[in-house]
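Here, each number is a calculation from the coordinates, and none is a lab measurement. The model shown is predicted, which means the values in this text are computed figures rather than measured ones. With ideal geometry, Cβ positions are generated from the backbone for all residues, glycine too; neighbour counts draw on all protein chains shown.
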Amino acid sequence: MLIDFHTHSTASDGALTPGELLARARSQGVRQFAITDHDTVEGYREAVGLLAGSDLQLVPGVELSCQWSGANIHVVGLGMDCDHPAMREGLSILDAARLQRARRIAEVLEKRGFPGALEGAMVEAGGSQLGRPHFARWMVAQGYVSEFPAAFDKYLGRGKAGDVKAFWPELKEVVDWIVAAGGVAVVAHPLHYEFTRSKLRRLLADFQAAGGTAMEILSGRQASDQTRHLCRLAAEFGLEVSAGSDFHRDAPYNAPIGVTLRDSDDLPAVWRRWQPEQETA
Ligand code: MN
Ligand code: MN
Ligand code: MN
């Protein structure tokens, strides 16, 4: 069965509108699906209104930014009540953090001779969650860099001046919001952080102590030995497993929407929580 519990729409930094994303998932034959935009559930909300007559099961989703041990960590929330006061409060805290961070990024860029970055990035973002990709697009549009990846390589990527993360809440806080709202907290793309094995285990232990109960064992294109490694970690920690494409846009090197899992059959999967009755028997 094809599933996908990690995708992005135009509500954050994805290229497809929520409606286009739904249509794509259906045409690929995905059965269970979540839109997990960065720090906003607006993409999910829009999609709910477009579901009529579909047998696609849409689970509420979000990808929350936080910090742990000096690193920027992403926690996916699935199945939560988006209107729960804790979730609403959390999203507004993240909104404020994102704007503060954007101001700081703009300051950094101005010091390097790129004035007007905040306004420019806001225009690029339109109504969606303001993030580094919008700064990158603005820099390309202004001719400050030749292409999008160069903006990250030189100014915005990990370890560069514009990689500002100090404003994100702590891991424990964002896990609390998801759990309080009745959702499952999932460590997103655990290998993406490039931690040592022992640091990754510390992250999982702290995450679990904070009330987190699941981790992704598959994120987009991934070597099968990595998936097996993550399956072993999930089993060892007793975490449920989740999986998704982390789809943002069509590109030759990106994973398409919809993933399927073979190695994880013995592991408790988050998606079993939402499986339609007739399929659980
Ligand atoms: Mn993204
Ligand atoms: Mn992420
Ligand atoms: Mn993502």
When the scattering of the stretch 191-281 is computed by the Debye formula from its Cα atoms alone, each counted once and equally, what is log10 I(q)/I(0) at q = 0.10 Å⁻¹? -0.29
With viscosity set to 0.890 mPa s at 25 °C, what whole-number translational diffusion coefficient in µm²/s follows for the stretch 55-202 from Stokes-Einstein and a Kirkwood radius over Cα pairs? 148
Set Lys and Arg Cβ to +1 and Asp and Glu Cβ to -1, take the dipole of the stretch 87-230 about its Cα centre, and tell me which of V175, A96, L203 lies farthest positive. L203
Long-range alpha-carbon pairs in the chain, meaning those over 32 Å apart, account in percent for 22
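Based on Cβ point charges of +1 for Lys and Arg and -1 for Asp and Glu, what charge dipole magnitude is obtained for the chain about its Cα centre, in debye rounded to the nearest 20?
Details: 29 positive and 36 negative charges, 174 e Å.
That gives the chain a dipole magnitude of about 840 debye.
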Give, rounded to the nearest 20 debye, the magnitude of the charge dipole that the stretch 161-269 has about its Cα centre when Lys and Arg contribute +1 at Cβ and Asp and Glu contribute -1 at Cβ. 260
Under the rule of at least 5 residues apart or a separate chain, name every residue whose amide H is placed under 5 Å from the amide H of A214. A185, V187, E240
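Assigning unit charges at the beta carbon (Lys, Arg +1; Asp, Glu -1) and nothing else, what dipole magnitude in debye, to the nearest 20, does the stretch 106-239 show about its Cα centre? If you can, show how the numbers build up before the last one.
Values: 16 positive and 15 negative charges, 90 e Å.
Rounded to the nearest 20 debye, it is 440 debye.
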What is the extension gain from V48 to A96, computed as 0.36 nm multiplied by their sequence separation minus the C-alpha to C-alpha distance, in nm to one decimal? 14.7 nm
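Pop the C-beta distance of A209 and A71 into the FRET formula with R0 = 30 Å and round what comes out to the nearest 0.05.
0.95
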Considering only DSSP beta bridges whose two residues both sit in the chain, what percent are antiparallel, to the nearest 5? 45
When the chain is treated as a Gaussian network with springs between alpha carbons less than 10 Å apart, the largest mean-square fluctuation among A23, A52, A234 is found at A52
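For K172 and E119, calculate 0.36 nm times their separation in residues minus their Cα-Cα distance, and state this gained length in nm to one decimal. If you can, show how the numbers build up before the last one.
Values: separation 53, 0.36 × 53 = 19.08 nm, distance 3.26 nm.
Length gained between K172 and E119: 15.8 nm.
Given a Förster radius of 30 Å and the C-beta distance between K160 and R221 as r, what FRET efficiency does 1/(1 + (r/R0)^6) yield to the nearest 0.05? Could the numbers behind the result be given before it?
Numbers: r = 25 Å, r/R0 = 0.82.
Step by step, r from the Cβ atoms, then E = 0.75.
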Please list, ordered by chain and number, the residues whose modelled amide H lies under 5 Å from the amide H of L16; skip anything fewer than 5 residues away on the same chain. T10
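For the stretch 187-237, what is the Kirkwood estimate of the hydrodynamic radius, computed as the reciprocal of the mean inverse distance between distinct Cα atoms, to one decimal in Å?
On the way: mean 1/r = 0.0900 Å⁻¹.
Evaluated on the stretch 187-237, it is 11.1 Å.
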